[in-house]
Amino acid sequence: STQGVSSAASDVYKRQGQAILERLLGGEVCALVTDAGTPAISDPGQELVALCGENGVEVQAIPGCCAAIAALAVSGLDTRRFTFEGFLPSGKKERREALEELSGERRTMVFHEAPHRLRQTLADMLEVLGDRRAALCRELTKLHEETVRTTLAEAAAYYRDNEPRGEYVLVVAGREKQDSAMTLEEGIALVRRLRDEGMKLKDASRRVADDTGLSRNALYDGALKG
């Protein structure tokens, strides 16, 4: 994953990418392959692709196995609209902030996670997102592939007593649309009150939208005009 990579490691990737670029510009041909996932997706290979693009070097993709899409396909959750979030931040505060931003997301969400972080990630998801349908897919396209269709609460409870093994893809249901008992005018008034109490207008609109099911854009525009 490129998230949480140290500055020293990032410098190494840049030096390696520059060395490869110079050979490409010299007329050589390069194939970017990996033994872990899809090249350039939550992968340092994205830096090489960006570098090639900046220097006019053509990059072509040959489709292959993609853990995120494979997990989505077997999850049993809504596949019509989804968002790929990759790896959440490793720090607890940053991870919870990222989940807070996703708390109102209605699309199915797809995450990558390492076994040593799975327990804490599930605990944070349950606390921030609430209990939702989820699929835990591990070692996809490998010998010990397994998909468990469950809920965040059941998954968190299971892995408190069982050791996570292998690399995971977590597919989590989006927030269900709620019929609001609050009118748009009442929602706008609440957004303005939160703004007056010191909250940013964008954050206030998102919170009220998440809590009521009202349109975030309508709340924001209405409060902005007031």
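The values are calculated or read from the model by the stated rules, or taken from the named source; none is laboratory data. Keep in mind that this is a model prediction, so the values were computed, not measured. Neighbour counts run over all protein chains shown; Cβ positions are idealised from the backbone, glycine included. Ligands, DNA and RNA are stripped out before the accessible areas are found, and what is left, the full protein with its side chains, is counted by its heavy atoms. Shrake-Rupley method; radii C 1.70, N 1.55, O 1.52, S 1.80 Å.
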0 to 90° range, to nearest 10: angle between helix 45-54 axis and the chain longest Cα axis: 80 degrees
Most positive-pole-ward Cα, GLY104, LEU24, GLN46, against dipole of region 1-134 from beta carbon charges: GLY104
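Expected output is a single nm value to one decimal: the length gained when fully extending between ASN217 and MET199, i.e. 0.36 nm times separation in residues minus the C-alpha distance. What is it?
Numbers: separation 18, 0.36 × 18 = 6.48 nm, distance 1.66 nm.
Value of the extension gain: 4.8 nm.
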Per residue accessible area in Å² of the chain, where ligands, DNA and RNA are left out and the probe is 1.4 Å: 61 Å²
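Find, to one decimal place in angstroms, the Kirkwood hydrodynamic radius of region 1-114, where the mean of 1/r is taken over every pair of different Cα atoms and then inverted.
Working: mean 1/r = 0.0614 Å⁻¹.
Value: 16.3 Å, from the Cα pair sum.
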Selected from THR108, THR141, THR151 as most flexible by GNM, with the chain as the system and alpha-carbon contacts under 10 Å: THR141
Of (i) 54, 42, 31; (ii) 55, 39, 36; (iii) 64, 45, 33, the label for Cα extents along the principal axes in Å derived from the coordinates: (iii)
Efficiency of FRET between LEU224 and LYS14 - r from beta-carbon atoms, R0 45 angstrom, step 0.05: 0.60
Carbon plus sulfur fraction of accessible area for the chain, probe 1.4 Å, in percent: 49 percent
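Run the numbers for ALA73 and GLN120: contour at 0.36 nm per residue of separation, minus the present Cα-Cα distance, in nm.
Details: separation 47, 0.36 × 47 = 16.92 nm, distance 2.54 nm.
That works out to 14.4 nm of additional length.
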Set of lysines with alpha-carbon distance to LYS92 below 27 Å, sequence-local pairs under 8 removed: LYS200, LYS202
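Computed FRET efficiency, Cβ-Cβ of THR141 and ILE62, R0 25 Å: what is it to the nearest 0.05?
On the way: r = 16 Å, r/R0 = 0.64.
That gives a FRET efficiency of 0.95.
With +1 on each Lys and Arg Cβ and -1 on each Asp and Glu Cβ, and nothing else charged, work out how big the dipole of region 124-219 is about its Cα centre, in Debye to the nearest 20.
Numbers: 17 positive and 19 negative charges, 80 e Å.
It works out to roughly 380 debye.
What does the helix-only formula give at 222 nm for the chain: each DSSP H stretch with n ≥ 4 adding -39500 (n - 2.57), the total divided by the residues, and the result rounded to the nearest 500 deg cm²/dmol?
Estimated from H runs of four or more residues: -14500 deg cm²/dmol.
Note down the relative contact order for the chain as a percent, whole number, built from C-alpha pairs under 8 angstrom at least six residues apart. Could the numbers behind the result be given before it?
Details: 303 pairs, mean separation 37.1, N = 226.
Once normalised by length, the contact order is 16 percent.
Can you sort CYS65, CYS52, CYS30 by solvent-accessible area, 1.4 Å probe, largest first? Let's see the in-between values first.
Details: CYS65 100, CYS52 10, CYS30 65 Å².
Greatest to least solvent exposure: CYS65, CYS30, CYS52.
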FRET efficiency for ARG80 and THR34, using Cβ-Cβ distance with R0 set to 35 Å, rounded to 0.05: 0.75
